[in-house]
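Trainee: Pasting in a structure now, in structure tokens, and then I'll have a few things to ask.
The values are calculated or read from the model by the stated rules, or taken from the named source; none is laboratory data. Owing to the predicted nature of the structure, the values given are computational and were not obtained by experimental measurement. Note: ideal-geometry Cβ built from the backbone for every residue, glycine included; neighbour counts use all protein chains shown.
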Amino acid sequence: MRRPISLYGLTFSLPLLVWQLLFFVFPLVFLVALSFWTVKNFTIRPDFNPVNWVTMFGKPVFWQAYGTTFGLAAAASVLASVVAFPCSYAIAFKLSDSARRMAVFLMVIPFFTSYLVRVYSWQIFLSDAGIVNVMLGAVGLGPYPMLNTVGATMVGYMTLALPLVILLQLFSLVFIDRTLIEAAHNMRCGRIRTVFEVVIPSARVGLVIAALFCFILTFGDFVSPVYLGGGDPTTLSILITDTTKSGQQWPRAAVIALTMIATLLVVAFLSVRFAYAGQAKGSRT
């Protein structure tokens, strides 16, 4: 039975509603309206003209940046998930409770420092005369160009998202029913087979959500592609900056931003649907 809406409940839920309206709904509505405005003589004029959408969607550079951004974010999500899983698995099943709490604390520590500062520190490591090339030079290797490359951008993405992916995977693995793993071992199922047939399916929701958060963070990231990747190849976040600098084309930048928001909503919807697909079938049976 549905509970009647009370004044008491509305009073305590009102701050959350106001927060959502002020900082999400209203800006989104303004962004949609801005995308139909026009710019003439460096002046933005309120209008209802789809020329910005037609112009941006007709530019090859837009679709190149879109493909690059989507591909890098997807690659970062896969890489972060693969790298994070052994770590989260070891923390969940191999460490004691006290050691697990310490590991979680160490995963949280990177968020105490600015992401921009961490990216600047990677410049010191990855430059031609940086720490990594100096260490390689000591053994007769290098120097290798590492900064201003796609690989450097991926390092920045891992710096941004990897600790969060490990934490989300860990929270999912910790709550797996251990009796399922014991039953698999009693049926002479090997460790690797148990991981792929018991652990991963049981933690699928958490694993998918962790990859989704990585995709969301990296899809809109501006810092790593610029300060580690050198702005080449161009991503959508860089394209937004270039568009605003080119004749004050804020409406066209709004088109890019709305395209990014729509992409993230679609990816989030499909990911959540995939994550809970098995549970929905199980509940119907």
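Trainee: Report, by residue number, each residue of region 139-185 that is part of a helix (DSSP H, G or I), among the polar types (S, T, N, Q) and either surrounded by 15 or more Cβ atoms within 10 Å (Cβ to Cβ) or in contact with a strand residue (DSSP E or B) (Cβ under 9 Å, 6 or more places away or on another chain) (or both).
Mentor: Applying the first criterion (part of a helix (DSSP H, G or I)) to region 139-185 yields 150-174, 178-185.
Narrowing the set further to residues that are among the polar types (S, T, N, Q) leaves 153, 159, 169, 172, 179.
Thr153, Thr159, Gln169, Ser172, listed by residue number.
Yes/no per residue for (1) polar (S, T, N, Q); (2) in contact with a helix residue (DSSP H, G or I) (Cβ under 9 Å, 6 or more places away or on another chain); (3) under 30 Å from Pro46 (Cα atoms); (4) modelled with pLDDT of 90 or more:
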{"residue": "Ile181", "(1), (2), (3), (4)": "no, yes, no, no"}
{"residue": "Phe196", "(1), (2), (3), (4)": "no, no, no, yes"}
{"residue": "Leu207", "(1), (2), (3), (4)": "no, yes, no, yes"}
{"residue": "Asp221", "(1), (2), (3), (4)": "no, yes, yes, yes"}
{"residue": "Phe269", "(1), (2), (3), (4)": "no, no, no, yes"}
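Trainee: Considering only residues that are surrounded by fewer than 21 Cβ atoms within 10 Å (Cβ to Cβ) and of a type in the set (A, V, I, L, M, F, W, C), which ones fall in region 240-255?
Mentor: Listed by number, the list holds a single entry, Trp250.
Trainee: Mind checking which residues of region 141-164 are among the hydroxyl-bearing types (Ser, Thr, Tyr) and either closer than 15 Å to Val117 by Cα or touching a residue at least 24 places away in the same chain (Cβ under 8 Å) (or both)? Walk me through how you get there before you give the answer.
Mentor: Initial filter on region 141-164 (among the hydroxyl-bearing types (Ser, Thr, Tyr)): 144, 149, 153, 157, 159.
Within region 141-164, Thr149, Thr153, Tyr157, Thr159 qualify.
Trainee: Restrict the check to region 93-114 and report whether at least one residue is over 20 Å from Ala211 (Cβ atoms), under 18 Å from the mean Cα position of the chain (by Cα), in a helix (DSSP H, G or I) and in contact (Cβ under 8 Å) with a residue 60 or more places away in the chain.
Mentor: No, every residue in region 93-114 fails to be over 20 Å from Ala211 (Cβ atoms), under 18 Å from the mean Cα position of the chain (by Cα), in a helix (DSSP H, G or I) and in contact (Cβ under 8 Å) with a residue 60 or more places away in the chain.
Trainee: Does Leu212 meet the test of being touching a residue at least 24 places away in the same chain (Cβ under 8 Å) and either of a type in the set (Lys, Arg) or under 20 Å from Lys94 (Cα atoms) (or both)? Outline the logic, then answer.
Mentor: On the way: touching a residue at least 24 places away in the same chain (Cβ under 8 Å): yes; either of a type in the set (Lys, Arg) or under 20 Å from Lys94 (Cα atoms) (or both): no.
Judged against the criteria, Leu212 is not a match.
Trainee: Moving on. Scanning for something closer than 19 Å to Phe85 by Cβ, among the hydrophobic types (A, V, I, L, M, F, W, C), surrounded by 15 or more Cβ atoms within 10 Å (Cβ to Cβ) and in contact with a Phe, Trp or Tyr (Cβ under 7 Å, 6 or more places away or on another chain), does region 223-239 turn up at least one residue?
Mentor: No, because not a single residue in region 223-239 is closer than 19 Å to Phe85 by Cβ, among the hydrophobic types (A, V, I, L, M, F, W, C), surrounded by 15 or more Cβ atoms within 10 Å (Cβ to Cβ) and in contact with a Phe, Trp or Tyr (Cβ under 7 Å, 6 or more places away or on another chain).
Trainee: Among the numbered criteria (1) of a type in the set (Phe, Trp, Tyr); (2) without any contact (Cβ under 8 Å) to a residue 40 or more places away in the chain; (3) touching a Gly at 6+ places or on another chain (Cβ under 9 Å), which single criterion is violated by Trp122?
Mentor: (2)
Trainee: While we're looking at this one, here's another question. Listed residues Gly58, Gly71; which is more than 15 Å from the chain's Cα centre (by Cα), surrounded by fewer than 14 Cβ atoms within 10 Å (Cβ to Cβ), of a type outside the set (S, T, N, Q) and under 30 Å from Ile256 (Cβ atoms)? Break it down stepwise before answering.
Mentor: On the way: Gly71 fails: more than 15 Å from the chain's Cα centre (by Cα).
None of the others qualify; the one that does is Gly58.
Trainee: Condition first: at pLDDT below 90 and within 15 Å of Ile256 (Cβ to Cβ). Now tell me which residues in region 34-51 satisfy that.
Mentor: Val39
Trainee: Here's a follow-up. Search region 36-55 for residues being polar (S, T, N, Q) and in contact with a Lys or Arg (Cβ under 8 Å, 6 or more places away or on another chain), and hand back the single one that is surrounded by the most Cβ atoms within 10 Å (Cβ to Cβ). Don't jump to the end; show me each part of the working.
Mentor: Pass one, region 36-55, residues polar (S, T, N, Q): 38, 41, 43, 49, 52, 55.
From what's left, in contact with a Lys or Arg (Cβ under 8 Å, 6 or more places away or on another chain): 38, 52, 55.
Numbers: Thr38: 15, Asn52: 24, Thr55: 14.
Here the residue is Asn52.
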